[in-house]
């Protein structure tokens, strides 16, 4: 998908450059092309301008300039997103936060940390490692993806089965709104009186404002982690094993499943000596030693009972990390066995895994394509990787169609179109599969309360454009408004 | 409209206002009809569940009608294998717990008075109990919600799978919104397994500094209690209860390890038997609901020492006061009856001002009229109040849902 390039007026560029410095205001065609897509490379659009501010004040100035020129703004972190959330819109100003990468404050005793949005997810944990603390959400791209991007997308990762997602670990944020005002949402102290604005801001996909500081919750490392890698004849037995483990009252830190094609790809890419089998599970349990010894033994017994072919336990931390490296490199590995692929992010109830995987296999055969499955089995978050060759006429369309069918299947099974990648540009057309017009309208109200001019990331999330006109019906001004304490707008 | 309606009486009063009409819908559709019908007449409307937090917030500017959610008490869907449950908003937490126990599961949301506290009320009031230390608050457990908006339209947000980032987070918007944005009609929660074992270890008569040391010790020792509560009935001294839950082996190990760490520090502790443990946690629940004055305080967890003199000054003007402090969260409650309302007000205002300077807060959860008038329920509106104000306008343009009850007069 490619549309016409819309340039930003020279006078506006000059203004922007005066705020961030000419070096950090990009307007040359080659420079702009670097920002034409995020991790979802099938959607591309060259932005009108890109600026890389270094401070909250610079972001504020840039937002004011864009507003005066009535230009849309697309915020961007590291550009690793997989739903086109940072995809430029025609004539927009991309505000990239990659230069804001300082760690501002660490409070170990109260277990929080204040960072700038460009800090990489993994760098937070690295910084805390020697003190025995870490930041829990761990998207596979964690070595490069930024915490600001994580806030926008409410990123997950393998270990959110036990620990939750970004929204459960972000306590507060400093945010620049569409009118250039700066507000602090939440903060290190819990239960700020009022609406849970930080709760609704996390996962808003860059549509409500630009985050310039993030307060994250940090956790003490668990005493022990036990990992096992189990292989199965097919995804049926692997899926049953996951269900039985959960039914036994065990809450694993992570349970990941890979099917045959995913295993083949990972082996080819990493040289790991995994066997050729129908499915594999990689599971972590963590917590106090006695607890994990018990749960790991129980989980292994369940896997054996469900017909596991082999159960491996890493002998040391290096081997454990290697197993996880295999899992986390799965997307890249699949890229090596196929010219192109689409990754989907649908979620299904855990109990439906076996049924849905069989149905995906059927749809895939029908489409004459191949799908590799590598996913967060514990929470039913599928990542079907649809392999195709863009050089074969019609194959890309068939792959996209299959992707859509899989999303609809997830919704029909009681699930969601996205578990962690976000709606972005990619899945906006499928929102109506999941939500009614009234549901979307309620979400639009929320959007309008933050960004009435639709300044930030327009055309994302919602299937059709929405304006923030006054709601129909009689409007009654609040007493605050009448007394002049608060205005509308 | 088919919902039952009657004239309001003194017994229906909410913060001193007697509603003209009281509606008791039996289905979510009846509830929707009530909201639609009252919208047509621009009647102000309040919502009430079990009434456990009925004193929360400022008195409404007007209360024409009150909707009781008690008739909405069905379990809509319970999928034990997926560990999710969808229930109507008027379901009590105790009834829900009974249902979930059959599959050895629970919703670890444990505010006081579970037999009366409803799901919808707990969401709207952001109610919590000791287990928040491990399982988070209602926002961390709620994965889907269905509401009736001020104009009578139904809207849903979230879903029934735990992992889901599709669309804006309407469930979180409703958490703590105190019925000012819409009526919660059903809620979907993620569940947790019931633990195989639980053990409570009690450390008696600690100072605030010792409480802080104890929290640090638990963390350094990589222990993972599900509750950590310091309770002070006598000035400046705290009994600290630490509860471990999980599989037997893990719980036994953690309780023993904690005792060992305490021993090494020369701070003895005792592991409570089941009966004593139950009695202690009941004492905690009673403390939270006690007295005509209840103030919620929020600060950084290690700030108890700093603010204690201010909190003790409040207690000097209360009778039978109790300070409950969730030591790992930085949240607490001062509860008691007052002998001198004016003096108590001054002390509360003083404590609030100190807490707010440190980005904390003090909000009244219950208080006599005089104290409410002197110092207000909510304190200084938060920095992002302008956004909250616009949210209220977008969701309730007629300003008729619990008008004036929320922060800053929303």
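If you go through region B:130-164, how many residues are touching a strand residue (DSSP E or B) at 6+ places or on another chain (Cβ under 8 Å), part of a loop (DSSP other than H, G, I, E, B) and at the interface with chain A (Cβ under 7 Å from one of its Cβ atoms)?
Total satisfying the criteria: 7.
Out of everything in region A:359-389 that is under 18 Å from residue A:345 (Cα atoms) and out of contact with any strand residue (DSSP E or B) (no Cβ under 8 Å at 6 or more places or on another chain), what residue ends up being farthest from the other protein chains (Cβ to nearest Cβ)?
Across region A:359-389, the extreme among qualifying residues is A:363.
State the number of residues belonging to region A:49-77 that are surrounded by 24 or more Cβ atoms within 10 Å (Cβ to Cβ) and in contact with a strand residue (DSSP E or B) (Cβ under 6 Å, 6 or more places away or on another chain).
Here the count works out to 12.
Among the numbered criteria (1) buried (at least 23 other Cβ atoms within 10 Å of the Cβ); (2) more than 22 Å from the chain's Cα centre (by Cα), which one does residue B:309 miss?
Status for residue B:309: all satisfied but (1).
Would you confirm, using the coordinates I've provided, whether residue B:34 is farther than 30 Å from residue A:251 by Cβ, assigned to a strand (DSSP E or B) and either in the same structural domain as residue B:145 (by TED's automatic domain parsing) or touching a strand residue (DSSP E or B) at 6+ places or on another chain (Cβ under 7 Å) (or both)?
Against the criterion (farther than 30 Å from residue A:251 by Cβ, assigned to a strand (DSSP E or B) and either in the same structural domain as residue B:145 (by TED's automatic domain parsing) or touching a strand residue (DSSP E or B) at 6+ places or on another chain (Cβ under 7 Å) (or both)), residue B:34 does not qualify.
Identify, from the list B:353, B:328, B:361, B:338, the residue that is within 20 Å of the chain's Cα centre (by Cα) and more than 7 Å from chain A (Cβ to nearest Cβ).
The match here is B:328.
So residue A:128 passes all but one of these: (1) surrounded by fewer than 24 Cβ atoms within 10 Å (Cβ to Cβ); (2) free of Cβ contacts under 8 Å to residues at least 60 places away in the same chain; (3) in a helix (DSSP H, G or I). Which condition number does it fail?
Evaluating residue A:128 over (1) surrounded by fewer than 24 Cβ atoms within 10 Å (Cβ to Cβ); (2) free of Cβ contacts under 8 Å to residues at least 60 places away in the same chain; (3) in a helix (DSSP H, G or I) leaves (2) as the failure.
State which residue is surrounded by the most Cβ atoms within 10 Å (Cβ to Cβ) when the search covers only region B:374-399 and only residues that are facing chain A (nearest Cβ under 7 Å), part of a loop (DSSP other than H, G, I, E, B) and more than 23 Å from the chain's Cα centre (by Cα).
Among them, the one singled out is B:399.
Would you call residue B:344 away from every other protein chain (no Cβ under 14 Å) and in contact with a helix residue (DSSP H, G or I) (Cβ under 8 Å, 6 or more places away or on another chain)?
yes
Among the listed residues A:279, A:224, which satisfies the condition of being surrounded by 19 or more Cβ atoms within 10 Å (Cβ to Cβ), modelled with pLDDT of 95 or more and either under 30 Å from residue B:355 (Cα atoms) or over 21 Å from the mean Cα position of the chain (by Cα) (or both)?
It is A:279.
Identify, from the list A:440, A:480, the residue that is within 11 Å of another protein chain (Cβ to nearest Cβ), surrounded by 19 or more Cβ atoms within 10 Å (Cβ to Cβ) and at pLDDT below 95.
It is A:480.
Take region B:194-203 and flag every residue that is in contact with a strand residue (DSSP E or B) (Cβ under 6 Å, 6 or more places away or on another chain) and within 9 Å of chain A (Cβ to nearest Cβ).
The answer is B:194, B:195.
Please specify each residue of region A:390-424 satisfying the condition of being under 21 Å from the mean Cα position of the chain (by Cα) and more than 14 Å from every other protein chain (Cβ to nearest Cβ).
Answer for region A:390-424, where residues must be under 21 Å from the mean Cα position of the chain (by Cα) and more than 14 Å from every other protein chain (Cβ to nearest Cβ): A:400, A:403, A:404, A:406.
Out of the residues in region A:145-162 that are modelled with pLDDT of 95 or more and out of contact with any helix residue (DSSP H, G or I) (no Cβ under 8 Å at 6 or more places or on another chain), state the one that is farthest from the other protein chains (Cβ to nearest Cβ).
For region A:145-162, the residue satisfying everything is A:148.
The values are calculated or read from the model by the stated rules, or taken from the named source; none is laboratory data. Keep in mind that what you see is a predicted model, and the values were worked out from it rather than measured. Quick reminder, even Gly has a Cβ in these numbers, built from the backbone with ideal geometry, and neighbours come from all protein chains shown.
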